[in-house]
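The values are calculated or read from the model by the stated rules, or taken from the named source; none is laboratory data. Since the model is a prediction, treat every value here as computed from it, not as a measurement. All Cβ positions, even for glycine, are placed from backbone atoms using ideal geometry, and neighbour counts span all protein chains on display.
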Amino acid sequence: MRTGNTLLQALMLGGMIASPAMAQKPDPPSADASEPAMAEPVIPESDIVVEAPLLLPVPRENLPTETPTNALASVRIYVLYRDLDLTRPDDAKRLMERVEATARQACGYLDKLYPLDDGSACIARAAASAAPAAKAAIAKAAVREDREKVSLTPP
């Protein structure tokens, strides 16, 4: 799979796997803390997110019981589209192509950490995770355009 920007990869891989402990808010720094506080991550303004999940079997020796358990590793990447006019068919198609390309990128990150048996299945699942939101954004743009046409039409 294709490689991307090294810094972006490091950021994505570093924030990929989260445990409940990582999800909790950290304690506020004490007044005598000499280390600077870490900045909050900037989340893009996009409601379209591609998520590539991968279930990983947990080795039996790490389990307290005999019940097989899986761990979930996933990569989430926001699809940016504010530069597109989704009322235009070419731009709507371009958005769906971005979803597919982002799915390939997300699965590529997973493949580096946990080699995938079937990368195409990962890409299909990841693209399918974002397709409803992408289609909704296209439909919303069409409705907005129809309303603008009606409001501009003289009585």
TODO: Among the residues of segment 79-88, write down those that are acidic (Asp, Glu) and within 19 Å of the chain's Cα centre (by Cα).
DONE: ASP83
Open item on the list: Can you tell me which of (1) in a helix (DSSP H, G or I); (2) surrounded by fewer than 16 Cβ atoms within 10 Å (Cβ to Cβ) is the one ALA127 doesn't meet?
Closed with: (2)
- [ ] Identify the residue in segment 44-75 that is within 16 Å of VAL99 (Cβ to Cβ) and assigned to a loop (DSSP other than H, G, I, E, B) and, among all such residues, is modelled with the highest pLDDT.
- [x] ILE48
- [ ] Check segment 89-96 and report whether any residue there is over 30 Å from ASP146 (Cα atoms), without any contact (Cβ under 8 Å) to a residue 12 or more places away in the chain, surrounded by fewer than 19 Cβ atoms within 10 Å (Cβ to Cβ) and more than 12 Å from the chain's Cα centre (by Cα).
- [x] no
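Which residue out of ALA139, ALA121 is surrounded by fewer than 18 Cβ atoms within 10 Å (Cβ to Cβ), at pLDDT 90 or above, of a type in the set (A, V, I, L, M) and closer than 22 Å to ALA73 by Cα? Can you show your working first?
On the way: ALA139 fails: closer than 22 Å to ALA73 by Cα.
The unique qualifying residue is ALA121.
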